[in-house]
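Written out below as structure tokens is the structure these notes cover.
The values are calculated or read from the model by the stated rules, or taken from the named source; none is laboratory data. On a predicted model such as this, the values are computed, not experimentally measured, just so you know. Cβ coordinates were reconstructed from backbone atoms using ideal geometry, including for glycine residues, and neighbour counts include every protein chain displayed.
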Amino acid sequence: MTVVENAEQAKKDPSYLKALTELVYQLADDDFIISFRGAEWLGLAPHIEEDVAFSSITQNTMGHAVMFYELLEELGEGNADVLAHERTLEQRRNGIYLEKRNGEGAYHEEPYYDWALAVVRNYFYETFKKIKMEAISTSSYKPLANVASKALMEQTYHLAHWKMWMNQLQHATEDARERINSRIEEAWSEFEDVLELGSYANDMLKHQLISSEDYLKEAWLKEVGVNIANPPESPLGKKYGSGRNGVHTADLKQALQTFAEVYNSDKKAVW
Amino acid sequence: MNGEQGIANIRSVLQTVDDPELPSVSVLDLGMVHDVTLQGRNVMITMVPTFAGCPALDFIELNVKKAVEDVEWVDTCDVHFTFEHQWSTDAITDRGKEQLKKHGISPPPENYQPGDEWTVNCPFCGSDYTSMENVFGPTACRSILYCSACRNPFEAMKPVVSLTKS
């Protein structure tokens, strides 16, 4: 494998650079949007210790998003803050399921959020993140491999946390089981694009940036199969299309508007 | 000031720069300083971040720069964070561990292997009759515990080690 040591080297091969930036946008945008949805739970989690845990995980995950946006900055994509705040819906590469609203209502107005959605979404996502980071930790692009190794050391606590919730609620009351199961069913019809790499998947594989989509998907199915009491029999779906190719819902629009509200009020301000 | 003396001088200055969220524990004792190099009167410091997203990092960078540039013979100091080397809790020095305890924070376990259970002794009374209240704490690197022997709540550094230990 030819190891690419830095951004300058990566920029010399346009095909390599394109596949690499696409992949890093996906990683950055996934961590970014799941952290935004996590941040909306602040003060609303089921109990105080959970509030501490969830917000700590969220802060850490947003830190991972920052590392990925900074890699993009080095690759010449522009300032990391601008990438996070100003890109349009079509430019976003996160999986669509990750942008879904937390439930009914809004943060400032009657937030009837659904904890079962938070548990299933974060458990599914963190399970996949581990598989993806492991695949990237041997990536041909050294700076990305380094960041993935760093994320893995910290993310192990996130995954353990959501796995615990998943196991406990699945073996709790009838009500808990039903709520979790219905969110699993829902996720099953929407989660597939999270597991995919978009239209540059073959180039990513060719340049040894990450493993194949098939491998990633299989590894995820196998892993969640161990922790879900009754996995749905239907095949995985991507009901709203593929976020990897810039398709998104009104939920992402709402998230970006809220996220960038203060930033947009004065773009020159130094925080 | 020759090279070796200069570097020793800078390291002694770094011994005085504390983590803003852990007063009395220096960045040197936390194992965050990877390398110090000199080019004449210019100092380059390579540091390894603790947790990604830790808001203290920006302050640490500024404080290190300021402390080093205050040294009489130094013109400039550049601080650079690298991901090439991963910080792990094994990098915390013995003095760092002692200072953490004074702050009511138990140091991380030694030679921890990922997935292992770990016991935490109370930083106040030393008892191991303790329980984990929350793996997550007020900062990304800390957990919240309770000592049933001396009945004090306390914190502990989470073990953070490479999953593929070489």
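The number of residues in the stretch A:81-111 being at pLDDT below 95 and among the aromatic types (Phe, Trp, Tyr) comes to 1. Residues considered: B:28, B:100, B:57. Of these, the only one that is in a loop (DSSP other than H, G, I, E, B) and either surrounded by 19 or more Cβ atoms within 10 Å (Cβ to Cβ) or within 14 Å of chain A (Cβ to nearest Cβ) (or both) is B:28. Against the condition closer than 27 Å to residue B:48 by Cβ, within 13 Å of chain B (Cβ to nearest Cβ), more than 21 Å from the chain's Cα centre (by Cα) and among the hydrophobic types (A, V, I, L, M, F, W, C), how does residue A:3 come out, does it pass? In short, yes. Listed by position, the helices (runs of 4 or more DSSP H) contained in the stretch A:154-269 that have at least 1 residues being in contact with a Leu (Cβ under 9 Å, 6 or more places away or on another chain) are A:174-188, A:192-195, A:201-206, A:213-227, A:250-259. Criterion first (over 11 Å from the mean Cα position of the chain (by Cα) and farther than 23 Å from residue A:153 by Cβ) does residue A:74 satisfy it? In short, no.
Being closer than 25 Å to residue A:143 by Cβ, among the aliphatic types (A, V, I, L, M) and surrounded by fewer than 19 Cβ atoms within 10 Å (Cβ to Cβ) is the requirement here; does residue A:205 meet it? Against the criterion (closer than 25 Å to residue A:143 by Cβ, among the aliphatic types (A, V, I, L, M) and surrounded by fewer than 19 Cβ atoms within 10 Å (Cβ to Cβ)), residue A:205 qualifies. In summary, helices (runs of 4 or more DSSP H) completely within the stretch A:48-148 and bearing 1 or more residues that are surrounded by 20 or more Cβ atoms within 10 Å (Cβ to Cβ) and free of Cβ contacts under 8 Å to residues at least 24 places away in the same chain occur at A:48-74, A:115-136. Name every residue in the stretch A:61-76 that is within 8 Å of chain B (Cβ to nearest Cβ) and in contact with a helix residue (DSSP H, G or I) (Cβ under 6 Å, 6 or more places away or on another chain), in order of residue number. Those that are within 8 Å of chain B (Cβ to nearest Cβ) and in contact with a helix residue (DSSP H, G or I) (Cβ under 6 Å, 6 or more places away or on another chain): A:61, A:62, A:64, A:67. Looking across the stretch B:65-97, the residues that are closer than 25 Å to residue B:140 by Cα and assigned to a helix (DSSP H, G or I) come down to B:65, B:89, B:90, B:91, B:94, B:95, B:96, B:97.
In summary, residue B:94 fulfils each of the numbered conditions (1) within 14 Å of another protein chain (Cβ to nearest Cβ); (2) out of contact with any Lys or Arg (no Cβ under 6 Å at 6 or more places or on another chain) with the single exception of condition (1). The residue list B:75, B:116 contains one member that is without any contact (Cβ under 8 Å) to a residue 40 or more places away in the chain and closer than 30 Å to residue B:146 by Cα, which is B:116.
For the stretch B:32-54, taking the residues that are within 14 Å of another protein chain (Cβ to nearest Cβ) and outside any strand (DSSP E or B), the one that is nearest to residue B:91 (Cα to Cα) is identified as B:32. Given the structure, is residue B:119 of a type in the set (S, T, N, Q), surrounded by 14 or more Cβ atoms within 10 Å (Cβ to Cβ) and either in contact with an Asp or Glu (Cβ under 8 Å, 6 or more places away or on another chain) or part of a strand (DSSP E or B) (or both)? No.
Scanning the stretch B:1-25 for residues that are part of a loop (DSSP other than H, G, I, E, B) and more than 25 Å from residue A:59 (Cα to Cα) turns up B:1, B:2, B:15, B:16. Take the stretch A:156-173 and flag every residue that is more than 8 Å from every other protein chain (Cβ to nearest Cβ) and surrounded by fewer than 22 Cβ atoms within 10 Å (Cβ to Cβ). Listed by number, the residues that qualify are A:159, A:163, A:164, A:165, A:167, A:168, A:169, A:170, A:171, A:172, A:173. Taken residue by residue, the stretch A:137-153 has at least one member that is away from every other protein chain (no Cβ under 14 Å), over 14 Å from the mean Cα position of the chain (by Cα) and within 22 Å of residue A:10 (Cα to Cα). For the stretch B:123-141, a tally of residues being part of a loop (DSSP other than H, G, I, E, B) and over 21 Å from residue B:30 (Cβ atoms) returns 6. Within the stretch B:62-90, being within 14 Å of chain A (Cβ to nearest Cβ) and either of a type in the set (S, T, N, Q) or surrounded by fewer than 19 Cβ atoms within 10 Å (Cβ to Cβ) (or both) holds for B:62, B:80, B:81, B:82, B:84, B:85, B:86, B:88, B:89, B:90. Scanning the stretch B:111-140 for residues that are within 11 Å of residue B:156 (Cβ to Cβ), modelled with pLDDT under 90 and within 14 Å of chain A (Cβ to nearest Cβ) gives a single hit, B:118. Apart from one condition, residue A:110 fits all of (1) within 14 Å of another protein chain (Cβ to nearest Cβ); (2) out of contact with any Phe, Trp or Tyr (no Cβ under 9 Å at 6 or more places or on another chain); the exception is (1).
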